[in-house]
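Here's the structure we're looking at; comments come further down.
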Amino acid sequence: MHSLYVDSTSGLVVGLLDSSLNWLEYKDTAEKKPSEVIHVEIYNLVKKYQLNFQDINFIFSSGPGSYTGMRLGEGIAQVLDWDLLKVFSFFHFDVPRFAGVNRGFWVTNAFKGQVFIYKWDEDKNLFEKSIINNNDFSIIDSNLGYTLDNSGNIFESLKSTKDLIKNESQKIFSLVLQNKLREPPFYFRTLEEEFK
């Protein structure tokens, strides 16, 4: 069974994986507004490979990321859920663990002058989430660090989970599918805090 991957948390990545979870196509459309191209990109992949929606696993990133981008992906995921199609989703901060990294930190822009940090150490059963101000963030050991997208000065020395997904698709997506993950959207702040 093919799997269609959609990530609209930071720009738009759309890709199609074969039954062994290897990429047939991977497209990062960062230069375009996701809401303007997401439907066309999905349609073009499905049409190009002559697939039926019933024969596809749909895999979405549930964040964290841009509020609007996450709502875009989650809206499509919910429509597919309503049609009783196979929909899965995961958090970007879990990607290094899925790829076999047992400790480190994951950081991304949380907007409003803040960064989101997720620290984990499986040996110590440690999994912490926090939001801090940009100017309070300093990388202690960038060899242990990951980020959604390594653009931006404070993240440039970190590894990108977008790259991990591209290069470790079998390992990562086999865990998502095996565990039947369907994570809800992960926002940096509560909706009250986000829109006050």
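The values are calculated or read from the model by the stated rules, or taken from the named source; none is laboratory data. Worth saying up front: this structure is predicted, and the values here are computed from it rather than measured. A quick note on method: Cβ atoms are made from the backbone with ideal geometry, for glycine too, and the neighbour counts reach across all protein chains shown.
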Of all residues in segment 20-67, count the ones that are surrounded by fewer than 16 Cβ atoms within 10 Å (Cβ to Cβ) and assigned to a loop (DSSP other than H, G, I, E, B). 10
Against the definition (under 28 Å from LEU16 (Cβ atoms) and among the polar types (S, T, N, Q)), how does SER138 come out, yes or no? no
Regarding segment 70-83, can at least one residue be identified that is under 28 Å from LEU17 (Cα atoms), in the same structural domain as LEU21 (by TED's automatic domain parsing), basic (Lys, Arg) and part of a strand (DSSP E or B)? no
Go through the residues of segment 129-150 one by one and say whether even a single one is part of a loop (DSSP other than H, G, I, E, B) and acidic (Asp, Glu). yes
In this structure, does LEU16 turn out to be surrounded by 15 or more Cβ atoms within 10 Å (Cβ to Cβ), hydrophobic (A, V, I, L, M, F, W, C), closer than 22 Å to PHE186 by Cβ and without any contact (Cβ under 8 Å) to a residue 60 or more places away in the chain? no
Can you confirm whether GLY145 is small (Gly, Ala, Ser), farther than 28 Å from LEU4 by Cα, at pLDDT below 90 and touching a strand residue (DSSP E or B) at 6+ places or on another chain (Cβ under 7 Å)? no
Would it be correct to say that GLY104 is surrounded by 14 or more Cβ atoms within 10 Å (Cβ to Cβ), of a type outside the set (Ser, Thr, Tyr) and on the phi > 0 side of the Ramachandran plot? yes
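Condition check ((1) charged (D, E, K, R); (2) within 30 Å of GLU192 (Cα to Cα); (3) at pLDDT 95 or above) across all residues:
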{"site": "ASN44", "(1), (2), (3)": "no, no, yes"}
{"site": "LYS48", "(1), (2), (3)": "yes, no, yes"}
{"site": "MET70", "(1), (2), (3)": "no, yes, no"}
{"site": "VAL79", "(1), (2), (3)": "no, yes, yes"}
{"site": "VAL87", "(1), (2), (3)": "no, yes, yes"}
{"site": "PHE90", "(1), (2), (3)": "no, yes, yes"}
{"site": "PHE93", "(1), (2), (3)": "no, yes, yes"}
